[in-house]
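Some notes on the structure that comes next.
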Amino acid sequence: MSTTAKQQAQKGAGRKLLSSGRGAVSLAVLVILLGLALAVNFGLVGFDPIAQTPSDRLLAPNSTYWFGTDQFGRDIFSRVMSGVGSSSLISVVAVTIAAVFGTLIGLFGGFYRGLIDLFGTGVTNVLFAFPPLLLALTLASVLDRNWFTVAVAIGVVYIPIFARVTRGPVLSLREIEFVRAARSTGMNSIGIMFRHVLPNISSIAIIQIALSLSWAVLTEAALSFLGLGSPPPAPSLGSMIYEARTLVLIAPWTLYAPGAIIVTFVVALNLLGDSIRDILDPRSREVSS
Amino acid sequence: MTAILRSSVIRKTAGALATLFGVAVFVFFMLRAIPGDQISASLGTEAAGLTEAQRQALVEYYGIDEPLTTQFFSWLANLFAGDLGFSVRAQQPVLDLTVAALPVTFQLAVFAILLALIIGVPIGMLSASAPRKARDFVGQAVSLLGLSIPAFLLATTLLTFFAVNLGFNPNGLGYKTLFEDPSVNLQQMFLPSLVLGFGISAPIIRTTRAAVLEIRGQDFIRTARAKGVKTQRIQFRHILRNALIPIVTMTGLQFGYLLGGAVVVEQIFSLPGIGRQVLLGIQQKEYALVQSTVLVIAASFVVINLLTDLLYRAIDPRVRAE
Amino acid sequence: MTQLKQRLNAPLKAIALASSAGLVLAGCASATEEPTTEPTETTSATAEPEPTSGGSMVVGITVDPDTIFPWKATQFQAFRMLENVYDTLTAFDADLNVVPGLAESWEVSDDGLAITFDLRDGVKFSDGSDFDSADVKYSYEAIQDEANAAVARSTLGGVTSIDTPDSDTVVLNLATADVGILANLTSVNLAIVSSDDTEETLSTATNGTGPFVLESRTAGQNVVLARNPNYWGDATPLDTVEFRVLPDEAAIAAAMSAGNVQMAVFSDPITARTVTGDVTVNTTPQLSYHALMLNARNGSMTDKNVRLAIQCAIDRQAVLDTALLGEGAVTGPITSPAFRSDPNARPCPERDLAAAAEYLAASGNAGGLEIDAIVAQNLYAGAVEIAQAVAAQLAEANITLNLEVLESGTYIDRWIAGDFESAIALNGGRPDPDGMYGRYFPSTGNLNQVSGYSSETMDALFAAGKSEGDPTARKQIYADVSAELEDNAVWVWLFSGYTYTATSDSITGFTPMTTGSWQYLRTTGLK
């Protein structure tokens, strides 16, 4: 496939996504959630997610506090939405880190082979040898904690996946005619890599990005559940659920709201990931609907 | 075993060893970057009252007086002698602790995988039997939920529900091994493996469904159908058997993940498994414990992946020919 | 929720309070509580049925003891276990009076420089060997030896020599009079071990003179104590006590509700109240205190007016209500009941923004001021909430408190180094005020760099307090210390919290101590 044809295919993908039922629904859910997160962030709806109102402690959902309040009288709706916001930010940054570094490792390794490849594959294998959550856990305890270091910890875990999925296609692309042709015209190799090879592996990377987002959200939540996420009082869905464990008997809404929202959020991300994969990777469509 | 297979075994094993060395380097130096040492971890701010001589005595007590590289190589040398280090806190060799913890996680992982297969394979086959029909959507919905419900949420909800509403809280009894008390042990493993099994059933459903759909479209099935072989027979004899290859691969992969990935569930249900050992070690800054345990987990992970890979090569003729 | 009985002890009931040194670290991190060690002949008179002999009990804990060697123990859980295994020369009763322990009586010489202890007769270690004065001399000299890195070395810092005229008598010779030492000797960090034992032998097994012995210990899972058949006092009603590790307080509450655990201490009142079934929850005030520590040697904190402005701008009760749901009591520097500071004896007993503005103007910062504060994360509950509430109030006084939320290891390192402008802290308290602040505020104290303050007045007061034998005069000295601390706004003392002891109604004879000590496990039994 030539570069231009590929780009056209990707342009069409957006339209296809909207016309597929799952894609449209999941996009709509994500837009609503993120919209609410932004609205809370800019103070358009809800309350300050970390402001404590002691007189309004542990109130059940009502017209003022849509999802109720927690033990400090904080608005759970605002906290949940703000948690969705920070979780999205961390996940997007984490996946970006993973995609950029992983793709570069795959690209350089596959294109130049030799020592570069050996080193890249070595690093990939080492990172792959860790069960993902364990690696994130260890990294998160090393770094001084804020939202960015949490994102780095999660991102590092997913670097090897991107390196693996891109390296293979690069290996075969470098042998393909138009790349050889470009070489023979004396174009430098960096130019070839970014002008010709990178665009051709972009759909693979995009599919992987789409699939990784939901993992990143879940990993971030698991880390904050274990007390290794962004430091409090910043709201995080995982730590809200952790705190709700002790409250669930007397104030069950403290568990329901973050629980329901995180499941909805991850379901939407998974559906979106599947839809994007189906659209960009025709092979998968037949078997995985 | 063919020559190709044998050389690939050797190559893969050498690669695995190199990888484990990388893991050792990575783990060792990463842990040293955690702020605070074992002295401040165990004494807290009380460490401020230590005199210089006392601090020196403690540094030697915890074995953190040597330069880092010396510590690293003596650790490696000891590993080859079967000495994983000593936990000052537990006053026990790390090897003993690991030998006690590994079977807990192993048992949990086996149960979780079994439950995942019991849930996943039938649902995957049902889904594939009528693509894009109602039962396919139900199957896919189950797998979507399995992928999307965080293990800690499910675990928390189940634990609270069972403990409060049914008075069922076997995990509060203190862990019992299968040999000490089989009945209590199985009860203690039930909810945790259900939580993990539900999560893993998602990729199993997807893999089963995809594999069945792919095989069904292949020539030999069409031929069998044309010959009038019964549908049920085709389903089990031909399709499932061939679909097993990717399912086995997926299962092996998930088993490896579980060794470290069960940490959240082990923590919630107070199971003294290998993941929890790492988590506690990190909290208590017991480097000797964490570094060796992580290495053991990584080694098991690498070995399981290697075995899965070899198994896959052995049973799939296409791969062998490559 | 069925029958949840709750008995709230009035916070100010004249029961004595917890002792702790340094900063109290909740949960997994090491805590530095120093509870008491000894039983008393007169346990507090509650009209409960006599416990039956025999049976076992399970106590829920979130972290297992990190050591079983008493001289190095600093963690709550280790203290709570070890004080039931080892004895000390002196002990506290439930009201924190110093009472006999292994010493039956003692006499202080007229110049205060020698204390002669008459040891209890017929005491045996749990291995069956006899206890005598040589064991006391051996233990104290080993604790004094820097190479052993014993935590309580400084308590014996003023002891120049130890004489043993006979096997029944021990004499401590002091460099200067030290009235507080009798109370300080109660710490299990000064446990008497057999002269045949070493740190090595006592790291894997216990050999004490206390009511229990260590039966088994499984790292990360449990510790089991069994009755010591050689104990010199009344035999314990319980055959065994298991300290069972459950991952957090919610899991302990669930296990208590299901009847798997009979006793636990909760730091969170909401969790304590979620326990269902026949359970009694006792609320116990603590000696430890929350404070905004100001480092008077650092930046703008050197100006007394700035510190006073901060003190006047904070409404302590409001911070308590917001961050700890009002579960605690506003306090001054000294929390021990016998020496308690009047929480209102300070320049601004109530929040006074006008006064704060005046002080701020006097310091030349009329336009406002920025201060950095370190806050610990994952070290103890409520730190971040307290920091936020304090910051919110200071903001109204034109003072910006920049919160640096730090991972516990980093926080401890900076706390120890005194590397902060201000710090949100939970510090331990001790029954004796010299034990509590003698390390912080005299210029020679080993935590003086952390306190960030010293003065000649302070040095003189602490020296006088150490040697004053008359209780009334001594009380006045520490009232002066308190006033000096508050008038100079050395730190801002906020409030003390509570702990919540939940006990199943199937057990009897347990008295929760305000020290947090579990020494009454020795009188606890099943109904």
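Just so you know, all these numbers are worked out from the coordinates, no wet-lab data involved. Since the structure is predicted, the reported quantities are computational estimates derived from the model, not experimental observations. No Cβ is skipped: glycine too gets one built from the backbone with ideal geometry, and neighbour counts run over all protein chains shown.
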Neighbour-count order for A:Met193, C:Met81, fewest beta carbons within 10 angstrom listed first: A:Met193, C:Met81
For region A:45-288, diffusion coefficient by Stokes-Einstein and Kirkwood Rh (Cα), 10 °C, 1.306 mPa s, µm²/s: 80
Spacing of the two label points (7 Å from each Cα toward its C-beta) at B:Glu180 and C:Gln449, in nm: 4.6
For a quick check: with amide H placed at 1.01 Å from N, whose amide H comes under 5 Å from C:Val123's, ignoring anything fewer than 5 positions away on the same chain? C:Phe131
What whole-number distance in Å separates the alpha-carbon centres of region C:356-423 and region A:201-220? 40
With a ≥ b ≥ c taken as the square roots of the eigenvalues of the C-alpha gyration tensor of chain B, please select rounded if a/c is under 1.5 and otherwise prolate if a/b is larger than b/c or oblate if it is not? oblate
Under 4 °C and 1.567 mPa s, how fast does region A:109-182 diffuse according to Stokes-Einstein, given a Kirkwood radius computed over C-alpha pairs? Answer in µm²/s, whole number. 93
When a/c is below 1.5 the answer is rounded, else prolate if a/b is larger than b/c, else oblate, so apply that to chain C with a ≥ b ≥ c taken from the square roots of the Cα gyration tensor eigenvalues. oblate
Taking just the alpha carbons, could you work out the radius of gyration and Dmax for region C:289-496, both in angstroms? 16.2, 50
Fewest-first sequence of C:Cys312, C:Cys348 by Cβ atoms within 10 Å of each Cβ: C:Cys348, C:Cys312
Counting other Cβ atoms within 10 Å, keep those with at most 14, restrict to DSSP loop, and tell me which GluC sites (Glu not before Pro) in region C:290-390 are left. C:Glu350
Going residue by residue through region B:19-28, the Karplus relation 6.51 cos²θ - 1.76 cosθ + 1.60 with θ = phi - 60° gives ³J(HN,Hα) values, rounded to whole Hz and with x marking Gly or Pro, of 4, 5, 4, x, 4, 4, 4, 4, 4, 4
Which net charge results for the neighbourhood of C:Trp232, defined as the other residues with beta-carbon distances under 10 angstrom from its beta-carbon, given Lys and Arg at +1 and Asp and Glu at -1? -1
Taking amide hydrogens as modeled 1.01 Å from N in the peptide plane, which residues meet the under 5 Å criterion relative to B:Gln92, leaving out close sequence neighbours? B:Ser87
For C:Val193, the residues 5 or more places away or on another chain with a placed amide H closer than 5 Å to its own amide H are C:Ser139
Honestly the protein assembly as shown on the Cα gyration tensor test (a ≥ b ≥ c root eigenvalues; a/c under 1.5 rounded, otherwise a/b vs b/c for prolate or oblate) is just prolate
Could you give me the ³J(HN,Hα) list for region C:300-310, computed from phi with Karplus coefficients 6.51, -1.76, 1.60 and θ = phi - 60°, whole Hz, x at Gly and Pro? 5, 5, 5, 7, 4, 5, 5, 5, 5, 4, 5
Net charge of Cβ neighbours under 13 Å - reference C:Glu421; Lys, Arg +1; Asp, Glu -1: -2
Exposure-ranked with fewest Cβ neighbours within 10 Å first, C:Thr508, C:Thr206 stand as C:Thr508, C:Thr206
21 Å tail of the calculated P(r), region C:277-365, as % of Cα pairs: 44
Kindly provide the helix-only [θ] at 222 nm of chain C, computed as the sum of -39,500 (n - 2.57) over DSSP H runs of four or more divided by all residues, to the nearest 500 deg cm²/dmol? -7000 deg cm²/dmol
Where the centre of each part is set by its Cα atoms, how far does region A:37-68 sit from region A:76-94, in angstrom? 15
Whole-angstrom gap from region C:442-458 to region C:203-261, using each part's C-alpha centre: 40
For region A:49-66, Karplus couplings with θ = phi - 60° (6.51, -1.76, 1.60), whole Hz, Gly/Pro x: x, 10, 6, 9, 10, x, 6, 10, 5, 6, 8, 5, x, 8, 6, 7, 9, 4
Where in region A:202-239 does the amide nitrogen come within less than 14 Å of the point 7 Å from the Cα of A:Glu175, taken along Cα to Cβ? none
In nm, to one decimal, how far is the modelled label at C:Asp234 from the one at C:Ala464, with both set 7 Å along Cα→Cβ? 4.4
